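Everything below concerns the one structure shown next.
Values quoted throughout were computed directly from the atomic coordinates according to the rules given, and no laboratory measurement underlies them. The shown structure was predicted, so the numbers you read here are calculated from the model rather than taken from an experiment. Here the Cβ positions follow ideal geometry from the backbone for every residue, glycine too, while neighbour counts run over all protein chains shown.
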Amino acid sequence: MADTAVPLAKVERAGFVPGVAYALLAVAVLLAIARPWLPEVLVRVPDWMILPYEGWFQWFFDFLKDDLGLIHVTRAISAVLEWFLDATANLLYGKSRWPNIGPIPWTAIAAVAAVIGYGLGGWRLALLAGGTSVWVSLIGQWDLAMQTLSVIAVAAPAAFMIGLSLGILAWKSSRFEAIMRPTLAVLQTLPFFTYLLPAVIFFKVGPTAGCVATIVYAIPPMVLMTTLGLKKVPPEVVEAGLMSGSTRWQMLRHVYLPAARTEILVGVNQVIMLSLAMVVLTAFIGMPGLGAKLLALMNSLKLGRSFEIGVTIVLIAITLDRLSKAWIVKQPQHFMRGTPWWRRNQLLLVGIGLFIGLIIVAQFVQVADQLTRGQDLSMGSEIDDIIRGALANPTVDAATSWLRQVMITYILIPFRNAVLWLPSLSIILCLAAAGYAVGGRRSALLAGGFFAIVALTGWWDRAMITVYAVFSAVIIAMLIGLPLGILAARNKKWSEPILLVCDTAQTFPSFIYLIPAIMLFGVNDLSVIFAIVIFATVPLMRYTIEGIRNVPAELIEAAEMSGASRSQKLWKVQIPLALPTMAIGFNQAIMFAFFMVIIAAFIGTQDLGQELQKTLAGNQLGKNLVLGMCVALMALSFDHIIMRWSETRRKALGVA
Amino acid sequence: MSAAEPVITCRNVWKLFGAGADRYLEMARGKSFDQIREDGYITAVRDVTLEVRRGELLVIMGLSGSGKSTLVRCMSRLNDITGGEIIVDGQNIMTLSERELIELRRRKMGMVFQSFGLLPHRTVLDNVAFPLEMRGQSSHDRRERAMEVIKLVGLQGREDYFPRELSGGQQQRVGIARSLAIEPDIWFLDEPFSALDPLIRREMQDEFLRLREMLGKTIVFITHDFDEALRLADRIAIMKDGAVEQCDTPDKIVLNPATDYVAKFTEKVEKSRVVHARGLCRPLNGHAVEGPSVSGDLTVLQLARQLVNEPREFLPVADTQGQIIGVMRRQDALDILLGPA
């Protein structure tokens with residue numbers, strides 16, 4: 001209905017005054033120029049104005065915990081969780097708890113993994129799943145990996161069920177969804193330290209707390225995907241269900257949930273991947289497993305073993321990701337009539353047979369049960385020597401030290417000092433100006449307001465160090481990722497494999513990006529930036545390629561028929577149309593960077609992350625939450641500006 | 001057939017979309033479609049009064065946005081109406097509780113959808129058995145019954161396939177089989193063949209007529225295709241902007257379009273293919289009946305050869321039992337065949 005179309009831009013920007021954004025920016029610049037003559041009050045929020053958020057949060061949580069007795073509830077939940085965790089721990093690595101039958105021999109688990117792989121995606125996935133198991137065992141990290149997986153085995157199903165239920169609720173009740181959406185947005189930007197400490201305080205230290213933090217961390221995408229999937233069920237399928245006389249429960253059980261299968265399984269994939277990412281990070285609260293080992297090795301600069309663990313984590317990530325993705329696209333197959341039941345359930349039978357068979361074999365053959373120290377093929381120290389040798393090579397060493405020297409002295413430190421030198425008000429106004437330009441008054445208030453809150457917490461300087469790290473890394477990532485993305489997008493032969501690499505790299509737990517950084521640059525600011533750069537380049541490239549490739553073919557043909565040269569086509573047609581999509585990549589890069597900069601705290605940064613890490617040791621819940629809030633608010637502020645811009649731009653261009 | 005009692009009765013049915021439509025309804029009466037839209041409401045069904053009689057095939061015809069799909073969804077209460085009342089089998093369906101409504105759908109109604117509405121995760125057999133499963137029939141019973149309807153629509157051998165493994169025409173056969181599984185009294189078909197290729201559509205229409213002949217159900221059939229309507233209908237209701245412009249037999253609509261809007265559809269129609277001898281029939285009124293009669297069920301086109309050579313000015317018309325029901329003026333029929341002189 002063309003006649004009902006209203007000029008979108010006009011409606012959306014009701015109350016938009018064109019000059020305001022510039023005016024705000026001008027004031028910000030003036031304040032910056034006038035910095036040397038400004039009274040201290042205008043540069044930083046003075047001490048007497050700083051609001052005691054810390055105390056408030058602490059009071060609130062103490063109230064919840066002790067006065068309202070929440071601690072008893074959470075302790076009860078802990079007990080249940082612990083029971084499950086003990087059971088999986090017993091089965092997977094033989095912790096002496098009920099049911100006291102573990103550990104299951106590694107060969108049996110490897111065989112089952114391979115059969116599942118075969119069932120979901122044929123020989124290639126069977127090889128991947130089986131091969132990963134064999135690698136983990138041979139390298140001597142079986143127990144570590146099982147410690148990690150035993151938590152995922154509890155956390156992922158729990159996150160799935162909670163996420164699914166919340167998703168259904170949000171779909172049923174728009175009021176609940178209205179509360180849920182911003183909550184999830186905050187949850188997704190909170191630094192992981194802020195998940196960890198409350199988990200430790202409210203749930204028991206150790207695997208239970210780690211498990212809770214993992215569950216909470218993995219829930220948001222499950223909720224979002226469930227709601228999305230349920231909303232997307234075609235109306236006619238719904239009506240067909242209703243006309244068949246389904247009750248409400250039957251509708252949900254037999255119509256909605258099965259019809260939303262794809263989205264729900266995408267949610268499952270994300271739950272698994274986020275669980276893995278978080279479980280590795282729970283090393284910071286002393287949870288045993290791959291993460292803890294990696295953290296310890298990196299702290300003691302044992303690069304060879306770190307590298308091996310990195311490979312293990314990556315392999316596990318790829319395996320879990322591929323298996324769950326294969327499950328998404330797997331469609332049920334029909335059998336011809338009269339197929340006997342053992343043929344229909346062939347794979348299940350093979351799996352059970354192998355499992356039992358190998359358990360029996362393992363009773364007699366020790367290596368089939370577990371590999372002991374000395375039997376593994378770890379080459380940690382040899383790799384260590386090679387890495388050290390390569391890095392000590394005069395040319396490499398000269399290059400890295402030169403890079404370190406130049407970057408730190410001439411670029412990073414000056415940039416950091418500049419950010420710290422700027423008056424708070426100036427930065428707040430800049431963000432407000434950007435907010436106003438993309439979304440009018442409301443966006444200006446949100447973007448500027450969030451930073452103003454950060455200023456009022458008194459953690460401004462630390463926060464600016466975080467922002468500095470994020471932006472220097474994202475800028476470098478753009479310098480690398482955008483040209484590479486554009487190049488890749490122009491050639492189909494390149495774009496496919498690069499997209500695949502990007503997608504795979506995105507499934508790695510963020511922690512492992514620190515390994516090469518520390519290898520190359522040691523422990524300093526540059527390695528932090530380097531780790532963020534690798535991490536953030538991935539989404540930038542990915543979305544650039546996707547944006548350019550999704551430009552409609554007719555438009556390219558139209559440009560070609562208008563006689564555009566290759567570069568004209570790129571700059572006049574492809575890039576303008578790809579910008580909204582590229583902006584999503586930019587946004588993701590920033591979100592990734594915020595996440596990573598906090599993790600890098602253990603390298604010894606000076607930003608909010610460092611302070612956050614300290615709160616873990618001191619059980620300072622109030623401070624932890626304030627700092628977490630600062631990170632979340634800054635991230636949300638950027639997120640809002642970029643996504644708002646991308647959305648309006650998309651509508652203006654009329655591209656989906 | 002006209003004496004048959006009504007199965008569905010719509011009295012002054014209104015359906016408005018928009019927030020607070022119930023309260024707005026009083027103001028909407030008397031306003032035009034566009035005026036109502038300016039007030040922020042969409043008129044989907046506007047003051048519709050019609051009856052669907054037992055055993056008849058009523059086609060509701062209209063272009064997209066004319067409210068035809070909404071009207072049929074009101075009859076099955078997939079949509080709640082804003083005003084008026086709808087009586088199905090003597091019950092006002094707006095007063096039914098959720099339980100009773102579910103019961104009504106489980107026992108009496110079947111519906112076929114334009115894009116089939118098949119459940120993608122179920123095989124053909126499980127899709128067809130779905131309504132039976134919902135009402136709690138045992139798995140043996142429902143398998144038996146589902147196989148029966150699958151045979152009826154000619155899909156035997158495909159019962160273990162999944163919808164995605166079937167062509168569009170086959171998928172719609174599954175949709176039809178599903179809607180017939182519970183042996184409904186009332187059969188709703190919402191543009192069942194619109195998503196199919198023209199050749200398949202024709203084949204499915206024939207198939208549909210065969211089923212109709214066999215089952216003798218009360219049918220409400222929705223289409224935007226006037227030719228399809230003419231081909232299938234006992235009566236046609238033509239809708240525009242939510243209101244019924246004319247509701248009558250195909251013959252009468254083609255011969256006497258009630259409004260200019262209806263006339264636009266009938267203009268291009270080859271009338272001789274549509275109009276039956278029955279439609280041109282006038283009362284005897286003392287006319288002497290002479291010679292052999294013609295069957296009222298034949299179209300003017302089918303009678304063309306006879307008409308051209310016919311010496312009589314008035315031809316007696318007989319119904320299916322051979323009873324004389326009136327006479328047809330030869331000139332009237334020729335006018336339709338050749339166009340007015």
Practice item. For segment A:16-165, just list the percent of Cα-Cα distances falling in each 5 Å bin from zero outward, please. Key: 2, 7, 8, 10, 10, 9, 7, 5, 5, 8, 8, 9, 7, 4, 1
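From the P(r) of segment A:344-404, can you give the percent of Cα pairs sitting at distances over 16 Å?
Details: 1267 of 1830 pairs.
So the pairs more than 16 Å apart make up 69 percent of the total in segment A:344-404.
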Review point. Gain in length, A:Q375 to A:L487, computed as 0.36 nm per residue apart minus the alpha-carbon separation, to one decimal in nm?
Key: 35.6 nm
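Please report the projected area of segment B:273-338's Cα convex hull averaged over all directions, in nm². Before the final figure, lay out the partial values.
On the way: hull surface 15.8 nm².
With every direction weighted equally, the projected area is 4.0 nm².
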Review point. Gap in Å between the Cα centre of segment A:119-192 and the Cα centre of segment A:229-250?
Key: 28 Å
Point to revise | Residues of type lysines that A:K65 reaches as a straight line, Cα spacing below 28 Å, ignoring anything fewer than 8 places off in the same chain | key: A:K204, A:K614, A:K623
Practice item. Once every Cα of segment A:169-327 carries one equal point scatterer and solvent is ignored, give the base-10 log of I(q)/I(0) from the Debye formula at q = 0.15, 0.17 Å⁻¹, two decimals. Key: -0.91, -1.05
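By DSSP, what percent of the beta bridges with both residues in the protein assembly as shown are antiparallel, rounded to the nearest 5? Mind showing how you got there, number by number?
On the way: 27 of 48 bridges.
If we restrict to bridges inside the protein assembly as shown, about 55 percent are antiparallel.
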**Study point:** Spacing of the two label points (7 Å from each Cα toward its C-beta) at A:E560 and B:A263, in nm
**Key:** 5.3 nm
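In the neighborhood of A:K614, defined by Cβ-to-Cβ distances under 15 Å, what is the net charge if each Lys or Arg adds +1 and each Asp or Glu adds -1?
Numbers: positive: A:R462, A:K623; negative: A:E54, A:D607, A:E611.
Within the 15 Å Cβ shell, the charges total -1.
Helix-derived [θ] at 222 nm for the protein assembly as shown: sum -39500 (n - 2.57) over DSSP H runs of at least 4, divide by residue count, nearest 500?
Using -39500 (n - 2.57) per qualifying helix, the result is -20500 deg cm²/dmol.
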Study note, to complete from the structure: Rounded to one decimal in Å, the inverse mean reciprocal Cα-Cα distance for segment A:392-440, i.e. its Kirkwood radius, is 13.6 Å
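Hey, what's the Kirkwood Rh for the protein assembly as shown if you take every pair of different alpha carbons, in angstrom? Don't skip to the answer; put the middle values down first.
Details: mean 1/r = 0.0293 Å⁻¹.
Result for the protein assembly as shown stands at 34.1 Å.
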Review point. How big is the C-alpha Rg of segment B:76-229 next to the rule-of-thumb value 2.2 N^0.38 Å, as a ratio?
Key: 1.05
Check your understanding: Just how large is the dipole of segment A:356-407 about the Cα centre, in debye to the nearest 20, putting +1 at every Lys and Arg Cβ and -1 at every Asp and Glu Cβ?
Key -> 140 debye
Study note, to complete from the structure: Compactness summary of chain B: radius of gyration and Dmax from Cα atoms, Å, are 22.4, 67
**Study point:** Positive-end residue of B:G326, B:Q172, B:I222, charge dipole of chain B with Cβ unit charges
**Key:** B:Q172
Exercise for review: Return the lysines within reach of B:K271: Cα separation strictly under 27 angstrom, same-chain partners fewer than 8 residues apart disregarded; answer none if there are no such residues.
Suggested key: B:K68, B:K240, B:K252
